[in-house]
Amino acid sequence: MWVLAEPLLPEFAPRPQGGGTAPADERAVFTAVVFVLTSGCAWRMLPPSFGVTVPTAHRRFSVGTDAGLWRRLHRAVLDELGGKGLIDWSRVVIDAAAARAKKGAHDRSEPGQSGSKIHVLSDHTGIPLSVGISAANTNDAAALEPLVKAIPAVRSRRGPRRRRKLHADKAYDTAGLRRWVRDRGIEVRIARKGIESAEPLGRHRWIIEPTMSWLTGYRRLNIRYDRKATHYLGFLTLAATLTCYKKLAKSTT
């Protein structure tokens with residue numbers, strides 16, 4: 001994945017007068033960030049064996065996050081998957097999961113509602129196409145439009161696509177969302193509140209359950225320690241990228 005990541009890294013430009021941020025081994029920094037994501041360790045506990053100081057690793061992660069590095073890397077991996085015909089666009093599935101947060105590290109819109117919520121939209125094979133975060137008390141339905149809009153325009157070697165369908169549970173059952181999705185040429189399969197069970201949708205909706213499990217398997221996402229929402233979203237996007245890359249790597253073995 002480093003081959004895809006290296007060209008996307010923000011450029012380091014030393015100041016002509018000297019001083020400022022010292023150059024660093026970019027691959028070592030990238031590896032250290034992945035280690036923090038997968039292990040869940042605090043930045044200050046980063047092992048010295050990476051050859052990168054804690055301030056440097058954290059600063060480069062912050063710079064990369066502000067520059068949109070993780071989002072662009074996610075799209076680069078999706079491009080590779082799309083070019084191989086490994087993305088199934090016929091159906092997309094949306095779901096959300098709650099995440100605990102340390103004091104001061106959560107989004108909160110109402111008193112007493114702490115923590116964050118992870119939102120994910122995947123293709124029919126469980127590949128995460130777009131991700132997002134919100135306050136813990138945010139209704140799941142509020143994330144549907146942003147997630148659909150955030151799906152990147154990735155490469156595809158396929159011809160005309162079949163009519164797409166969006167699957168979701170009853171939390172997304174609102175008339176406004178149904179109209180909004182249909183207006184974009186997407187068929188809606190959302191369980192209706194008080195009318196039908198979600199069971200008939202299970203054979204399609206279950207696809208995203210392993211995806212949620214894969215993402216929460218990255219221990220940095222289990223509990224939100226990051227005060228900045230952009231940092232937590234950066235880790236989530238990197239986790240989605242790694243999940244996609246594993247699918248890509250498996251296809252070449």
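Just so it is clear, none of the values below were taken in a lab; they were calculated from the coordinates. What you are looking at is a predicted structure, and each value in this text was computed from that prediction instead of being measured. Here the Cβ positions follow ideal geometry from the backbone for every residue, glycine too, while neighbour counts run over all protein chains shown.
Structure data summary
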| read-out | value |
| --- | --- |
| Linear extension gain, Ser62 paired with Thr174, 0.36 nm per residue minus alpha-carbon span | 36.6 nm |
| For the stretch 208-253, diffusion coefficient by Stokes-Einstein and Kirkwood Rh (Cα), 20 °C, 1.002 mPa s, µm²/s | 189 µm²/s |
| Gain on full stretching of the segment that runs from Lys250 to Glu209 - 0.36 nm per residue minus C-alpha separation | 12.8 nm |
| For the stretch 22-74, projected area of the alpha-carbon convex hull averaged over all directions, nm² | 3.7 nm² |
| Sum of side-chain charges, Ala249 neighbourhood, beta-carbon under 14 Å (Lys, Arg +1; Asp, Glu -1) | +3 |
| Partners for Lys247 among lysines (Cα-Cα distance below 23 Å; same-chain residues under 8 apart left out) | Lys84, Lys165 |
| Cα centre as origin, Lys/Arg/Asp/Glu Cβ charges: the stretch 29-153 dipole, Debye | 500 debye |
| Amide H contacts of Thr125 (H built 1.01 Å from N, under 5 Å, at least 5 apart or other chain) | Asp88 |
| Interatomic Cα distance distribution for the stretch 29-107, bins of 10 angstrom, percent | 14, 31, 35, 18, 2 |
